[in-house]
1. Collect the residues in region 1-33 that are in a loop (DSSP other than H, G, I, E, B) and in contact (Cβ under 8 Å) with a residue 40 or more places away in the chain, keeping them in residue-number order.
2. Take residue 111 and tell me if it is in contact (Cβ under 8 Å) with a residue 24 or more places away in the chain, under 13 Å from the mean Cα position of the chain (by Cα) and surrounded by 15 or more Cβ atoms within 10 Å (Cβ to Cβ).
3. What tally of residues in region 106-133 results from selecting those that are part of a helix (DSSP H, G or I) and more than 8 Å from the ligand (Cβ to nearest atom)?
4. Condition (residue is within 14 Å of the ligand (Cβ to nearest atom), farther than 23 Å from residue 154 by Cα and in a helix (DSSP H, G or I)) applied to region 34-46: is it met by at least one residue?
5. Which one of these does residue 141 not meet: (1) within 23 Å of residue 178 (Cα to Cα); (2) within 10 Å of the ligand (Cβ to nearest atom); (3) at pLDDT below 95?
6. From the list 136, 148, which residue is in a helix (DSSP H, G or I) and either more than 9 Å from the ligand (Cβ to nearest atom) or more than 13 Å from residue 96 (Cα to Cα) (or both)?
7. Quick check: anything in region 63-73 touching a residue at least 12 places away in the same chain (Cβ under 8 Å), within 24 Å of residue 123 (Cβ to Cβ) and within 11 Å of the ligand (Cβ to nearest atom)?
8. Only one of these is within 8 Å of the ligand (Cβ to nearest atom), in a helix (DSSP H, G or I) and surrounded by 14 or more Cβ atoms within 10 Å (Cβ to Cβ): 85, 53. Name it.
Ligand code: HEM
């Protein structure tokens, strides 16, 4: 996992919960990196898992909710660091259906060693998208947050439902609709 994911995560924790909580989770987690992250480095995903678990214990917020919040936060980072990628798209469904074949392809070049999910489009219309998410990191709530923020970025309302295909969240179907409550299978 890339360093920017760690540095932004710790920044969010500091903003939301304070520097003491950052220190606490860094101390409680067994980190090979010793908690020293540079945005261009690459670190083991186990470290992120450990930081999240310790944060969840410390602040008594479920893991899924924390990962979701982090996705909301990280989207703002993405729009700041990579405005050019967002400028290429005029529509949230166009953007989301291009992650696999365009956006994350660019990301692999910009961030060597990035561990990215796989997306597979099952159905696409002008205002609906059905997409499968595959990742051994099971960051589907991170994905949901990024999807919701993508709609917000284009000033559009969305309804996003997810269905776990695998119980552990490594394979998840997203049912994305432009208008509230209109998704039809
Ligand atoms: C992970 C970049 C858009 C879904 C990542 C990572 C980077 C990245 C750097 C971390 C990789 C690592 O730590 O090794 C970008 C950029 C984007 C973009 C530059 C747009 C300009 C999106 C969007 C989604 C998305 C719109 C919506 C679903 C994810 C997910 C992960 C991820 C779910 C977590 C890894 C996993 O689940 O296995 N992305 N991303 N990305 N990205 Fe993107």
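1. Scanning region 1-33 gives a single hit, 1.
2. no
3. Count: 2.
4. Of all residues in region 34-46, those within 14 Å of the ligand (Cβ to nearest atom) come to 37-46.
Next, from what is left, pick out any that are farther than 23 Å from residue 154 by Cα: 37-46.
Those left that are additionally in a helix (DSSP H, G or I): 45-46.
Yes, that holds for at least one residue.
5. (3)
6. Details: 136 fails: in a helix (DSSP H, G or I).
Answer to the check: 148.
7. Yes, because at least one residue in region 63-73 is touching a residue at least 12 places away in the same chain (Cβ under 8 Å), within 24 Å of residue 123 (Cβ to Cβ) and within 11 Å of the ligand (Cβ to nearest atom).
8. Checking each option against the conditions leaves just 85.
The values are calculated or read from the model by the stated rules, or taken from the named source; none is laboratory data. Here the structure is a predicted model, which means the values were calculated and not measured. Using ideal geometry, Cβ is built from the backbone for each residue, glycine included, and neighbour counts are taken over all protein chains shown.
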